[in-house]
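Single-structure report; data block below.
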């Protein structure tokens, strides 16, 4: 976030501590635009966090004054030129190779992901934030779909996540007529879960992610799965899915801990299992 210094040339930084993986996009001089190295590093960091049994929640954030402005257009122009010269190359294969896997890693991991949005989130960067389960946003941050502004369609899941958060009509407006959305408007639209002073973003986003890392991980995984399933299935099908997931959550050690803590009027200390 804004309080993290750029101490390394690595485009993505990862820190795992007490069940929380903090993954930080680290190209502040480029407003965290995604070149190939950054996309590969972010994809791999998210996959590693998903697979690490010691990680119970993920905080995705960035250094500098931007969260992520999407594709690095300087690199993209070079790839467009290469594609023309090779007569058939695909300069946008990065959607399949990088952006889709990044978004799927966020949405499909069986643990909650918090986006700490410290600054502008545009294009694919907007998509990463939307893919997260919870968004803590600095009051100076902003969002922009951007895609139509460079004659492209939406990627990084924005055509799926944005209409579900704010409705099809509002999503169409923001996609066809890209503009900067302030943090306040993002909160009013339902994009931002919390808006906090910029100076407090690092602390507040970490507190939210820390609370989730200390919570009932199996139940959180089931909640993610049930909401994703319900978005594309009937009520009857979703009820059946809820039954399946509730059986799994009910068999977890954390459910027993929660019930015993409730009966003893003591705070629950979850194990994440």
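The values are calculated or read from the model by the stated rules, or taken from the named source; none is laboratory data. Quantities reported herein were computed from a predicted structural model and do not represent experimental measurements. Note that each Cβ is placed from the backbone with ideal geometry, even for glycine, and that neighbours are counted across all protein chains shown.
Considering each residue of the range 149-173, count those that are part of a helix (DSSP H, G or I) and out of contact with any helix residue (DSSP H, G or I) (no Cβ under 6 Å at 6 or more places or on another chain), and give that number.
Of the residues in the range 149-173, 11 are part of a helix (DSSP H, G or I) and out of contact with any helix residue (DSSP H, G or I) (no Cβ under 6 Å at 6 or more places or on another chain).
Identify, please: which residue in the range 1-13 is buried (at least 20 other Cβ atoms within 10 Å of the Cβ) and at pLDDT 95 or above and is, among those, nearest to residue 270 (Cα to Cα)?
So, considering only residues that are buried (at least 20 other Cβ atoms within 10 Å of the Cβ) and at pLDDT 95 or above, the one nearest to residue 270 (Cα to Cα) is 12.
Of the residues that make up the range 201-212, is at least one within 27 Å of residue 59 (Cα to Cα), surrounded by fewer than 18 Cβ atoms within 10 Å (Cβ to Cβ) and at pLDDT below 95?
no
For the structure I just gave you, tell me whether residue 95 is at pLDDT below 95 and part of a helix (DSSP H, G or I). Let's see the steps before the verdict.
Numbers: at pLDDT below 95: yes; part of a helix (DSSP H, G or I): yes.
For residue 95, the condition - at pLDDT below 95 and part of a helix (DSSP H, G or I) - is met.
Consider the range 200-219. How many of its residues are out of contact with any helix residue (DSSP H, G or I) (no Cβ under 6 Å at 6 or more places or on another chain) and farther than 16 Å from residue 115 by Cα?
3
Under the condition of being in a strand (DSSP E or B) and crowded, with 18+ Cβ neighbours inside 10 Å, which residue from the range 15-44 is modelled with the lowest pLDDT? Step through it out loud before you land on a result.
Going residue by residue through the range 15-44, those that are in a strand (DSSP E or B) are 15-17, 20-25, 34.
Subset that is crowded, with 18+ Cβ neighbours inside 10 Å: 20-25, 34.
Values: 20: 98, 21: 98, 22: 98, 23: 98, 24: 98, 25: 98, 34: 95.
Here the residue is 34.
Can residue 223 be described as buried (at least 19 other Cβ atoms within 10 Å of the Cβ) and at pLDDT 95 or above?
no
Within the range 237-255, identify whether any single residue is under 21 Å from residue 106 (Cβ atoms) and either assigned to a helix (DSSP H, G or I) or in contact with a helix residue (DSSP H, G or I) (Cβ under 9 Å, 6 or more places away or on another chain) (or both), and answer yes or no.
Yes, there is a match, as at least one residue in the range 237-255 is under 21 Å from residue 106 (Cβ atoms) and either assigned to a helix (DSSP H, G or I) or in contact with a helix residue (DSSP H, G or I) (Cβ under 9 Å, 6 or more places away or on another chain) (or both).
Name every residue in the range 191-217 that is over 23 Å from residue 127 (Cβ atoms) and part of a loop (DSSP other than H, G, I, E, B), in order of residue number.
Once the filter is applied, which keeps residues that are over 23 Å from residue 127 (Cβ atoms) and part of a loop (DSSP other than H, G, I, E, B), the range 191-217 yields 197, 214, 215, 216.
Being assigned to a strand (DSSP E or B) and farther than 16 Å from residue 227 by Cβ is the filter here, so list the residues in the range 104-113 that pass it.
From the range 104-113, those assigned to a strand (DSSP E or B) are 113; that's our starting set.
Result: no residue meets the conditions.
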